[in-house]
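Structure, as structure tokens:
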């Protein structure tokens, strides 16, 4: 850690950086809330990718958004210097990098932001003035807490729960019938962890539909075929939502649900931040456990395979517990869903 003062003006200009995926960005939102409560006169700008920009739109704790087009968390050289000029022009007093990489840390150093805080990560840490040692790969602490730890040099009290305001323009995405709860089932995930079998999702749709509950199945455009297979096997006719590129529309769709169920993925964290009760389905891989990536709402729960030890990576059928995700029974997930529905249903 460099010996540099963090004394900042009352109306400091702060740049908060998170450039990876949707779930990661949602779990960074408590940082913005914490700063706004501690220093309401600060001007706070988010630096993120174009595809996650909508998560910051309309927030009272974000004054401005700078975004760039990239297929990864790294800043492409084609936009690097244009972005550098934009950041230099704003004369930020402090930057907090919530998940660092070389291109992001270099950008902030070249922009001459005097206070640059971030995790002590590989070469990127050389460009920071405050380096916070973290052990994220151990999976012992929640990702949101790792983000909040980076506020320590500024003595900012943490606000732990992410929140997203429910939009007013989402009424036509799903049809909601009076007296019938709407459960959203999102079977897709990014592939970083084993998922529940597709046939189990089909059986869940069937079981939930038979309980006097309406079902909506959601997915991204590249998951369309998977969604159609799962729905087809179920023999039911749930509502289907295939997301567009507009994350605001996805937020609107998820806000209409009474319960959300799915694996560890961005939409799960959006639903939780909206206050929708969440049932998460998680693998026993150490870096993917709910302790680090689980939903944090007061009505949320995360389910892992019973009787299966924590592992460091999935080795497929070489593992004596393969396929451990099949050990999470449909009735167990159904029970967790129905216990979170306020309206009477056929248990």
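Points to keep in mind about this one:
- Considering only alpha-carbon pairs that sit under 8 angstrom and 6 or more positions apart, the relative contact order computed for the chain is 16 percent.
- The range 13-154 shape via C-alpha gyration tensor axes, a/c threshold 1.5: rounded
- Structure-based [θ]222 nm, the chain - -39500 (n - 2.57) summed over DSSP H runs of at least 4, per residue, nearest 500: -8000 deg cm²/dmol
- Cα long-axis angle, helix 224-234 against the chain (0 to 90 degrees, to the nearest 10): 30
- Report note on the peptides 130-138, 213-221, 234-242: ranked by the mean count of other C-beta atoms within 10 Å, highest first, their order is 213-221, 234-242, 130-138.
- Expressed to the nearest 5 percent, the antiparallel share of DSSP beta bridges inside the chain is 0 percent.
- Where only C-alpha atoms are counted, convex hull volume of the chain per residue in Å³: 140
- The relative contact order of the range 214-265 comes to 35 percent, based on Cα pairs under 8 Å that sit 6 or more residues apart.
- Sorted from longest to shortest, the spans of the Cα atoms of the range 233-347 along the three principal axes equal 41, 35, 31 Å.
- Most fluctuating residue given options 210, 120, 336, as computed from a GNM of the chain linking Cα atoms under 10 Å: 210
- Among 146, 74, 222, the ranking by other beta carbons within 10 Å of each residue's beta carbon, starting with the fewest, stands as 222, 74, 146.
- Listed from fewest to most Cβ neighbours within 10 Å, the set 201, 51, 282 follows the order 51, 282, 201.
- Gaussian network model of the chain, springs between alpha carbon atoms under 10 Å - residue of 27, 286, 108 with greatest fluctuation: 286
- Contact order for the range 210-347, expressed relative to its length and based on alpha carbon pairs under 8 Å spaced 6+ residues apart, stands at 19 percent.
- Spatial separation of Cα centroids for the range 150-167 and the range 1-60, in angstrom: 9
- Going by neighbour counts of Cβ atoms within 10 Å, the residues 323, 89 line up, fewest first, as 89, 323.
Any read-out appearing in this document is the output of simple, stated calculations on the displayed coordinates, not a laboratory observation. Please read all numbers here as calculations on a predicted model, not as lab measurements. So basically every Cβ, Gly included, is an ideal-geometry build from the backbone, and we count neighbours across all protein chains shown.
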